[in-house]
Ligand SMILES: [Zn+2]
């Protein structure tokens, strides 16, 4: 499942080719996503110019000059790829956009590809995409100053829920999924079962730093494998990052050698080290 680092990597890959390009046309080959695509509304964006490619949590935001734009969520298996316009269609290419503009832009096509169709492609003609109702309840971005130790303490105050569940809550911090929460808590040396309200300020500081380091590291690694990641003929599967805890059940902890344990929290697998996560 695509997590924040994959979405950020896609955002970066689109920024340079598409910034300033003008939407020329769009084909919707299958409108049955998590919400049906509003085809006429999507077509009404033709002729508009892309101002910027943004990201909020796990949403990609294609902002248009003058307001409005596209809001794309990758769901369980979605991707956004840039390919030469004459590239053979993939079975799961549900939406294709063409552009006009200088040089390479006019020969490029952006495709939304999603085998399981849990993704979203939404459009707005006007206004700030960042104020879309789907984004209204999202907490701060992990890289923002608002994601501070004071903020974490405030959100955790008197909370008895496990710290892992708190960090999985998108209203607490945007875009942190199951894999990266496990990685962050391992890096911070914090037991995922610890009640959020019992974590000290010094430990919250470690959680905050680990969040930034783990995500930034994954984005860097994603950048180095970007060509494979974008390969239109490649197999599904997102770029592989070096995971320290997630998926390593019964293997020795890379820090203390204890056996990594897997438990279930709110129906999701948690991987942690009972030897060095307290
Ligand atoms: Zn350990």
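Nothing in this text is a laboratory measurement; each read-out follows from the coordinates by a stated rule. This structure is a prediction, so every number in the text was calculated from the model and none was measured. So basically every Cβ, Gly included, is an ideal-geometry build from the backbone, and we count neighbours across all protein chains shown.
Cα centroids of segment 239-264 and segment 111-176: 26 Å apart.
Using a Förster distance of 25 angstrom, determine the FRET efficiency expected from the C-beta separation of residue 15 and residue 266, and round it to 0.05.
Details: r = 35 Å, r/R0 = 1.40.
It comes to 0.10.
Computed from the C-beta positions of residue 136 and residue 169, the FRET efficiency with R₀ = 22 Å rounds to 0.90.
Rounded to two decimals, what ratio of Rg to Rh does segment 83-148 give with C-alpha atoms and a Kirkwood Rh?
1.10
Across all Cα atoms of segment 4-135, the radius of gyration (one decimal) and Dmax (whole number) stand at 13.3, 36 Å. Quick one: angle between helix 201-224 and the longest Cα principal axis of the chain, in degrees between 0 and 90, rounded to 10, please. It works out to around 40 degrees. Of the Cα atoms belonging to segment 91-225, the radius of gyration and Dmax stand at 19.0, 57 Å.
Segment residue 213..residue 250, full-extension length gain: 10.8 nm, with 0.36 nm per residue of separation and the alpha-carbon distance subtracted. Largest first and in whole Å, the equivalent-ellipsoid semi-axes of the chain read 37, 21, 16, each the square root of five times a Cα gyration tensor eigenvalue.
Sorted ascending by nearby beta carbons within 10 Å, beginning with the fewest, 207, 88 become 88, 207. As a proxy for reagent exposure, ranking 194, 211 by other Cβ atoms within 10 Å from fewest up yields 194, 211. Of the two radii for segment 149-272, the radius of gyration is 1.00 times the Kirkwood radius, both from the alpha carbons; that is the Rg over Rh value.
Quick one: 58, 193, fewest Cβ neighbours within 10 Å first, how do they rank?
Going from sparsest to densest Cβ surroundings: 193, 58.
Taking 0.36 nm per residue of separation and subtracting the Cα-Cα distance, full extension of the segment from residue 143 to residue 125 would add 3.6 nm. Taking each DSSP H run with n ≥ 4 as -39500 (n - 2.57) and averaging over every residue of the chain yields -8000 deg cm²/dmol at 222 nm.
Seen against the Cα atoms of the chain and their longest principal axis, helix 4-18 is set at about 30 degrees. Angle check, please: helix 178-188 long axis (alpha carbons) against the longest principal axis of the chain (alpha carbons), in degrees 0 to 90, nearest 10. So the helix axis and the longest Cα principal axis differ by about 40 degrees.
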